[in-house]
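Below is one structure, written out as structure tokens; comments come after it.
The values are calculated or read from the model by the stated rules, or taken from the named source; none is laboratory data. None of these values were measured; they are calculated from a predicted model. Cβ atoms come from the backbone with ideal geometry, glycine included; neighbour counts cover every protein chain shown. SASA here: full protein model, heavy atoms, side chains in, ligands and nucleic acids out. Shrake-Rupley method; radii C 1.70, N 1.55, O 1.52, S 1.80 Å.
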Amino acid sequence: MKGVGEIASPRQDLSLSVAGLTVGVRNGPAIIEDVSMELLPSEIVGVVGESGSGKTTLGLSLLGYCRPGAEVRSGTLELGGVRVAMDGSMRTLRGRAIAYVPQDPGQALNPALRIRAAIEDIVRAHRERSAGLPEISTLLEAVNLPSSAEFSRRFPHQISGGQKQRVSIAMALSCHPGVVVLDEPTTGLDVETQSRILDELLRLRAEYRIAMIYVTHDLAVVGKIADRIAVMYAGRIVEQGPTAALLSRPRHPYTRGLLLSIPDHRRPRRLEPMRGIAVSVGEWPKGCPFAPRCPQATSECEQSVPPSTPVTSGHEVRCFRWESTPPVSDDARAGSWISPDTESEVVLEVRHLRAEHRGRGTTVVAAADISFQIRRGECLALVGESGSGKTTIARAIAGLHADVSGEILLAGSSLTPEARRRSVAERRRIQLVVQNPKDALNPRHTVRQSIARPIRVLRDRSTLSNGVDGEIDSLLERVRLPQRIANSYPDELSGGETQRVAIARALAADPELMICDEITSALDVSVQAAVLRLLRELQTDFGLSLLFITHNLGLVATIADDLLVLEDGVICERGVTSSVLGNPQHQYTKRLIAAAPSVDDSMADRI
Amino acid sequence: MSSATAETKVARPARPRRHRWEMLRAPEGVIGLVLLTFTVAVAVIGPIVAPHPLAQPVGPPGEPPGHGFPLGTDYLGRDVLSRVLYGGWPILWLSAVITLFTYVIGVLIGMVAALGRRLTDSVLMRFVDLLLAFPPLLLVLVLIASAGSSSTILIISIVLVLFPGLARIVRSATLEVSTAGYIEAAFARGERAPAVMWHEILPNIGPVILADLGVRFSFAIALVAGVNFLGLGESPPSANWALMVAENNVVITSNVWGVLAPAVMLMVLTVSINLLGDAYVRNRSKAR
């Protein structure tokens, strides 16, 4: 194609613009529709959306790539002012004009290739032979990795998750691209690592004048890094504009809903979940795809798709009634779910708990000297990064981890470590809900079967007034699911629905303590907000106590009364949530809080 | 709470669940089912409709088809068609019983090894490895030679050959499933291992072990036939297809049907089962 040679040579200061881009399933529905956006040289644009919004498809199509079965239907792409075809012929540009950093560095790196070989592969594929191989050590240094030959000889499994992501970034930079598309580059990393990678990207942008498209589900992260934000919903960009303007005065009701769904540790608030669930590909309604969930929808919204309308220069919104979108007032954000301290009886007490993992010949201490109490109706949060031992503690209390010493007291009486040696009543009173809802339910059991099992095994059926089926119906109602869902299988449910069923199954045992192990981390923020609200209701209406395990400080600020911070299996700080978050004493807590992304922070920085 | 209830107000078309019998729509499935029905019908109804007695010579030996014998006569002058009609049942019920026991034992040992302590696992799996180390037919022949030839011994020895492979498959499938959250949840509510195996694990490894059914069933047929062919199974005058292939070798030049007809029936039986197995596996991978 004409002009490609011009931009094929390594150079920075590239701009990118795409107009009217539609990508769809071959002979099927559209995945993204009529997407137009612009990226100026050395600018960072954040593309934000929930799962299924088409953000990854957009990112990949900018490299002229569609996943198998999908195709670009229409649209034009310009790189540095030169029009390029969005197909396989873009291969010559990939890597050197526009590069890609994939989502999961653990999977993106070939486990059989040493780091040096992996980087060299990219260079061989995309640079002229005459250019020779780049200085690998310079490249590694550029992303703050050890530049030693020893390091570049390592295999991916020998380096940490953050280092893998840096290697991915180094690979993307190896051919000096002008534009880099990053797809959720920090998802799955600890907050501290995430924060360092974000700083890294800002530095690289300044140093090499690279423009970036940052695809993510996390508004707080783009708030920190992006100059402009594009919000995607059902394959369309519903709102795009400068970061500060968009976050402080969102004009699309979806953007506003997202903002109100995000828990923030800087400013705890009652979350306001959006109603309904996101429409998936192939189910878009005729009009505005957000209309069924929109509080301000009119009949016009159901008839036609709103065009992009300018709010101010550079700030566009696809909404007929954007002028009536209420501001995200401090009023709506103020207040907290956390109730003042009450002296109720202690449900669970843990004294000097020590848990170990025994392997062949080696013993790893996962948690040591853990002591805490949970009172009736209280929510205690256990916070720590991956590997801090928080899940092991949860499993020990639930009776699933046998290598423990110390005492676990349920209402004053000691529990044996193994669940099967505990009495029925003891097992009934403690219930565990795990992280991944898809994994928590047996795929071959209907919702009804899944919920019925704990009732049959743990409850005294003579106390059920309406029998097992009546109890299942009332449990579904309690987690706000319709009764017809009872005969569905887990693969027919959305992530949020599945997690509600898992919670209903735990409630079926009529527990006093529910252990929630990262139960919202696999969910989209809007779904997460609804689940948190449900937990809060269960706590206040039924006096349920919660042990809430998470790495997300925003969640802690939203729901937890008290907080334990865990570092390498040891409690390093504890106290009332607001005082720990407001005035952390321990170094580790301070680092965690500083690293946690916050929408409020990013707005404060820009004003 | 309107916000939360509304999660389900937005209409979402129910995804159709693939029907269990959809595999029968594929060509392999249809052909396999037709052939299997035919073979089973021959084996079950055959003895009733057979025109001549099983063991009595009714003509000269090795007569080609004709003269009221559609498939000719065998090496003793008995009607080949009648013996083919009689000879399916012994093969079929032996293979079916063997497959049944193979599944009961293989699934049980596989699941116990996967869920049990490390010692249990080691002991069971080394035993399985030991059995796997023998060439299959040799092990069967040695057992029959030392314990005598009877249906019981035949069944036991072939099950001993067939279950180890299945136990290994079941063990690895169980290990894969056993870390899932719902298994943990079951143990956390204090369910005993047998209940967990039956309620939680079996429904999930079912497809994996069913996919193996065709191969294992046809292997059972092959072993039953092999033992009979070698003369260590049923003793003449009773008829079964494998025995017929062996004994009519001597008249193969004068009446090829004495060998060909039972051999074709064996082949049709094995092929039909394998076709059904293929249809099942293909249907499952399409459903993913």
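Residue-by-condition table, conditions (1) open to solvent by 10 Å² or more (accessible area, probe 1.4 Å); (2) within 30 Å of B:ALA180 (Cβ to Cβ); (3) of a type in the set (Phe, Trp, Tyr):
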{"residue": "B:PRO47", "(1), (2), (3)": "yes, no, no"}
{"residue": "B:GLY66", "(1), (2), (3)": "yes, no, no"}
{"residue": "B:ASP79", "(1), (2), (3)": "no, no, no"}
{"residue": "B:ARG117", "(1), (2), (3)": "yes, yes, no"}
{"residue": "B:VAL123", "(1), (2), (3)": "yes, yes, no"}
{"residue": "B:LEU139", "(1), (2), (3)": "yes, no, no"}
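When you scan the range A:296-303, do you find a residue that is within 14 Å of chain B (Cβ to nearest Cβ), at pLDDT 80 or above, surrounded by fewer than 18 Cβ atoms within 10 Å (Cβ to Cβ) and over 26 Å from A:ASN583 (Cβ atoms), even just one? So far as the range A:296-303 goes, yes, one or more of its residues are within 14 Å of chain B (Cβ to nearest Cβ), at pLDDT 80 or above, surrounded by fewer than 18 Cβ atoms within 10 Å (Cβ to Cβ) and over 26 Å from A:ASN583 (Cβ atoms).
Taking into account only those residues within the range A:426-442 that are facing chain B (nearest Cβ under 7 Å) and open to solvent by less than 60 Å² (accessible area, probe 1.4 Å), which is farthest from A:SER474 (Cα to Cα)? Top of the filtered list is A:ASP439.
Out of the helices (runs of 4 or more DSSP H) lying entirely within the range A:199-275, which hold 1 or more residues that are touching a His at 6+ places or on another chain (Cβ under 8 Å)? Full working, then the answer.
On the way: elements: A:219-225, A:243-248, A:253-261.
The qualifying helices (runs of 4 or more DSSP H) are A:243-248.
Close contacts from the range A:136-165, counting a first residue that is open to solvent by 50 Å² or more (accessible area, probe 1.4 Å) and a second that is modelled with pLDDT under 85 and not in a helix (DSSP H, G or I), with Cβ to Cβ under 9 Å and a gap of 6+ residues or different chains, come to A:THR138/A:SER147; A:GLU141/A:GLU135; A:GLU141/A:SER147. The criterion of being surrounded by fewer than 18 Cβ atoms within 10 Å (Cβ to Cβ), touching a helix residue (DSSP H, G or I) at 6+ places or on another chain (Cβ under 6 Å) and away from chain B (no Cβ under 12 Å) does not hold for A:LEU409.
Every condition in (1) of a type in the set (Phe, Trp, Tyr); (2) open to solvent by less than 50 Å² (accessible area, probe 1.4 Å); (3) more than 30 Å from A:LEU400 (Cα to Cα) is met by B:TYR182 except one, and the failing one is (3).
Answer yes or no: is there a residue in the range B:23-32 that is open to solvent by 30 Å² or more (accessible area, probe 1.4 Å) and at pLDDT 85 or above. Lay out the reasoning, then the answer.
The first filter runs over the range B:23-32 and keeps only residues open to solvent by 30 Å² or more (accessible area, probe 1.4 Å), leaving B:24-25, B:27-28, B:30-31.
From what's left, at pLDDT 85 or above: B:30-31.
Yes: one or more hits.
Hey, can you tell me all the residues within the range B:166-187 that are closer than 23 Å to A:PRO417 by Cβ and either out of contact with any strand residue (DSSP E or B) (no Cβ under 8 Å at 6 or more places or on another chain) or not in a helix (DSSP H, G or I) (or both)? B:SER178, B:THR179, B:ALA180, B:GLY181, B:TYR182, B:ILE183, B:ALA186, B:PHE187, listed by residue number. A:GLU512 fulfils the conditions (1) modelled with pLDDT of 90 or more; (2) farther than 23 Å from A:ILE374 by Cα; (3) more than 9 Å from chain B (Cβ to nearest Cβ) except for a single criterion, (2). Just one of the listed residues (A:PRO273, A:PRO268, A:PRO289, A:PRO242) is modelled with pLDDT of 85 or more and farther than 30 Å from A:SER15 by Cα, and it is A:PRO289. Evaluating A:THR446 against the criteria (1) under 27 Å from A:LEU563 (Cβ atoms); (2) more than 10 Å from chain B (Cβ to nearest Cβ); (3) open to solvent by less than 40 Å² (accessible area, probe 1.4 Å) leaves one unmet condition, (1).
Taking A:GLY377, is it more than 14 Å from chain B (Cβ to nearest Cβ) and surrounded by 19 or more Cβ atoms within 10 Å (Cβ to Cβ)? Against the criterion (more than 14 Å from chain B (Cβ to nearest Cβ) and surrounded by 19 or more Cβ atoms within 10 Å (Cβ to Cβ)), A:GLY377 qualifies.
With respect to (1) closer than 15 Å to A:VAL433 by Cα; (2) open to solvent by less than 10 Å² (accessible area, probe 1.4 Å); (3) not in a strand (DSSP E or B), the lone exception for A:GLY554 is condition (1).
Any idea which of B:LEU131, B:LEU92, B:LEU76 is of a type in the set (A, V, I, L, M), in contact with a Pro (Cβ under 9 Å, 6 or more places away or on another chain) and part of a helix (DSSP H, G or I)?
On the way: B:LEU92 fails: in contact with a Pro (Cβ under 9 Å, 6 or more places away or on another chain); B:LEU76 fails: part of a helix (DSSP H, G or I).
After ruling out the rest, the residue left standing is B:LEU131.
On the stretch given as the range A:451-470, residues that are more than 9 Å from every other protein chain (Cβ to nearest Cβ), at pLDDT 85 or above and touching a helix residue (DSSP H, G or I) at 6+ places or on another chain (Cβ under 6 Å) total 4. Could you tell me whether any residue of the range A:64-87 is touching a residue at least 24 places away in the same chain (Cβ under 8 Å) and in contact with a Cys (Cβ under 8 Å, 6 or more places away or on another chain)? There is at least one residue in the range A:64-87 that is touching a residue at least 24 places away in the same chain (Cβ under 8 Å) and in contact with a Cys (Cβ under 8 Å, 6 or more places away or on another chain). Only one of B:ILE98, B:ILE109, B:ILE91 is over 23 Å from B:GLY46 (Cα atoms) and under 26 Å from the mean Cα position of the chain (by Cα). Can you tell me which? None of the others qualify; the one that does is B:ILE109. Being open to solvent by less than 10 Å² (accessible area, probe 1.4 Å) and at pLDDT 90 or above is true for just one of A:ILE559, A:ILE549, A:ILE571. Which residue is that? One residue alone meets the criteria, A:ILE549.
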